[in-house]
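The values are calculated or read from the model by the stated rules, or taken from the named source; none is laboratory data. Only a predicted model underlies this, so the values are computations on that prediction, with no experimental measurement involved. Here Cβ is always computed from backbone atoms with ideal geometry, including for glycine, and neighbour counts include all displayed protein chains.
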Amino acid sequence: MNLQKYTKYEITWVDIYATNDWIAFKDLQKEIKSAETPMRNIGYYIGESKDSYVFSSGIDDSGEQYFDLVVFPKKVIINIKLIK
């Protein structure tokens, strides 16, 4: 992907799901469907490594600090869409 640094994107991804609750047999398919629902985040592209993309939800006005970092393994990404 050709992502532009400090540009805002919507990231669609899947997460690992686990539960330590009892689940009724009749609710299993509903639980699986819920777990497989893609997640969405919006963030500024910061950079990447061989295995991950790195985003931040904010950059300060001076352009010298990030608010946070979110590191997405590339293998969990479904789509990355430019926010205009």
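Taking the conditions exactly as written (under 17 Å from the mean Cα position of the chain (by Cα) and not in a loop (DSSP other than H, G, I, E, B)), does Y17 satisfy them or not?
On the way: under 17 Å from the mean Cα position of the chain (by Cα): yes; not in a loop (DSSP other than H, G, I, E, B): no.
So Y17 fails the test.
Check K50, K81 and return the single one that is out of contact with any Lys or Arg (no Cβ under 6 Å at 6 or more places or on another chain), surrounded by 11 or more Cβ atoms within 10 Å (Cβ to Cβ) and modelled with pLDDT of 95 or more.
Values: K50 fails: surrounded by 11 or more Cβ atoms within 10 Å (Cβ to Cβ).
Step by step, each of K50, K81 is checked, and only K81 is out of contact with any Lys or Arg (no Cβ under 6 Å at 6 or more places or on another chain), surrounded by 11 or more Cβ atoms within 10 Å (Cβ to Cβ) and modelled with pLDDT of 95 or more.
Take region 68-77 and flag every residue that is over 19 Å from Q4 (Cβ atoms) and either assigned to a helix (DSSP H, G or I) or more than 9 Å from the chain's Cα centre (by Cα) (or both). Outline the logic, then answer.
Filtering region 68-77 for residues over 19 Å from Q4 (Cβ atoms) gives 68, 73, 75-76.
Passing the criteria: D68, K75, V76.
Kindly indicate which of Y66, Y45 is surrounded by 10 or more Cβ atoms within 10 Å (Cβ to Cβ), at pLDDT 95 or above and closer than 23 Å to K81 by Cβ.
The match here is Y45.
Quick check on V54: is it part of a strand (DSSP E or B), among the hydrophobic types (A, V, I, L, M, F, W, C) and more than 9 Å from the chain's Cα centre (by Cα)?
Yes; evaluated as a whole, the condition is true for this residue.
Out of region 16-42, which residues are surrounded by 11 or more Cβ atoms within 10 Å (Cβ to Cβ), among the acidic types (D, E) and either in contact with a Leu (Cβ under 7 Å, 6 or more places away or on another chain) or within 20 Å of V76 (Cβ to Cβ) (or both)?
E31
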